[in-house]
Amino acid sequence: MSSIFGLLNISDADLTMVNSVGQRVLYDATTEYLSVINAELNAGLSLFVENTTEDYKERYKLPGGGRLQPRGTLANTAYRRTIGYWDVAYPINDYGAALGMDDVTLAYMTAAEYQRQVDGVVAGNTATVRFDLLKALFNASSRTITDDRWGSLTVQPLANGDSVVYPPAMGSETEATDNHYLESGYAASSIDNTNNPLVTLREELEEHFGTMTGGDNIVVFHNQAQTAKLEALADFDEVPDRYIRPGTGISVPEGAPNTPGIVTGRSSGVWCVEWRWIPANYLLAIHLDQPKPLKMRVDTAASGIPRGLHLYFNDEARPIQTMQWRHRFGFGVGNRLNGVVMELGTGGSYTTPTSYA
């Protein structure tokens, strides 16, 4: 990835002082650098986010069920209309940061030090986006927020056993409620070929989206604390070390998805991905070939507010010295069926992780 001073053809190893470049020139280069950062972040979000939206709420629709009606020679069938839907809403939050410095500090700031300060803000932005994304998926409760423009909005989680009825599951012709926040009924230490959570998670998604011959592109994210137990499953096929050429007579998974974390292998028809940001004793399953669970709300184009992490300033003469950073966004579940969370425990029902409650 390029650096800010690389965009200006200046080595960050040089003892180039920020003031010698010019604050406005450096401000513009930082803005260009952020466009690259935002593109990379959005590429990573595409695994979980179907699209960005300016909508604050919508009626999410999927095809309903039922069969065709028998008809006589001259009789027309009764009119019908698919009416299955559920209502969802999307929040928007305003996050920011500031790099405060006096004129002396700025005068002695080198290119490398300025890059370090900027990358600190970028890392904070990534952490904020990741936290909000995972909270939208792991929190099993609907929540009401107050939108400055639209009033009270109810943001929904994945299917959580409420009164919403969904299109018929495979093998059924009846719309029904569903719950995608599960508890295993056994501890993480008891995962084995009998207590296999991967099968339960896979089947919960397949009942809505069907099963492809040869397997589905389903990912189960897990904490490193669960890696050893999942790798011990009898049908676990390990993704080989990229520095080792696999020998003959072994199964090697192909077509591993590009995901955050480490794809450790394939078992029970799903990809196992160790991602350290998943809470210990929790699993998250998503079908990669179906509409993603989340949508990301952003400001309307008409507002003129830039999207993604961006800079704004109050003093055009000293834009770096008075630098302010902003990112306005929010995640809400749209497709409540594409995502299943499981708590590995014996408490009787799913409990939202403390950090995301």
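Since every read-out is calculated from the coordinates, none of them should be taken as a lab result. Computed from a predicted structure; not experimentally measured. Counting neighbours? That spans all protein chains shown, and the Cβs are built from the backbone with ideal geometry, glycine included.
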> What nm value, rounded to one decimal, do you get for the distance between residue 173 and residue 142 when each label is placed 7 Å out toward the C-beta?
Replying inline: 3.0
> What spacing in nm lies between the two simple spin-label points modelled at residue 254 and residue 351, each 7 Å away from Cα in the Cβ direction?
Replying inline: 4.5
> residue 150 to residue 32: extension gain in nm, 0.36 nm per residue of separation minus the Cα-Cα distance?
Replying inline: 39.2 nm
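Within the chain, what's the longest stretch lacking GluC sites (Glu not before Pro) that sit in DSSP loops with no more than 14 other Cβ atoms inside 10 Å? Please report the intermediate quantities before stating the final value.
Details: sites that count: 54, 173, 254, 316.
Free of exposed loop sites, the longest segment is 55-172.
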>> What are the extents of the Cα atoms of the chain along their three principal axes, in Å, largest first?
In response: 83, 59, 43
> How long is the gain from residue 232 to residue 192 if the chain were fully straight, where each residue apart is worth 0.36 nm and the alpha carbon distance is subtracted?
Replying inline: 13.7 nm
>> Report, to one decimal in Å, the Kirkwood hydrodynamic radius for the stretch 76-178 based on all distinct Cα pairs.
In response: 18.7
> Lysine pairs in the chain 8 or more apart or on different chains: how many have alpha carbons under 27 angstrom apart?
Replying inline: 9
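Show that you can apply the helix-only estimate: for the chain, add -39,500 (n - 2.57) for every DSSP H stretch of four or more residues, divide by all residues, and state [θ] at 222 nm to the nearest 500.
Value at 222 nm, helices only: -7000 deg cm²/dmol.
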>> Can you compute the FRET efficiency between residue 105 and residue 54 using 1/(1 + (r/R0)^6), with r the Cβ-Cβ distance and R0 = 41 Å? Round to the nearest 0.05.
In response: 0.55
> With r defined as the distance between the Cβ atoms of residue 162 and residue 25 and R0 fixed at 51 Å, what FRET efficiency is calculated, to the nearest 0.05?
Replying inline: 0.40
> If you wrap a convex hull around the C-alpha atoms of the stretch 236-357 and split its volume per residue, what is the figure in Å³?
Replying inline: 217
>> Rounded, prolate or oblate for the stretch 175-223? Axes are the square roots of the Cα gyration tensor eigenvalues, ordered a ≥ b ≥ c, and the cut-off for rounded is a/c under 1.5.
In response: oblate
> How big is the gap, in Å, between the Cα center of the stretch 107-143 and the Cα center of the stretch 7-61?
Replying inline: 12
>> Quick check: residue separation of residue 61 and residue 126 times 0.36 nm, minus the Cα distance between them. What number comes out in nm?
In response: 20.3 nm
> Which of the trypsin sites (Lys or Arg not before Pro) found in the stretch 160-246 are loop residues per DSSP with 16 or fewer other Cβ atoms within 10 Å of their Cβ?
Replying inline: 242
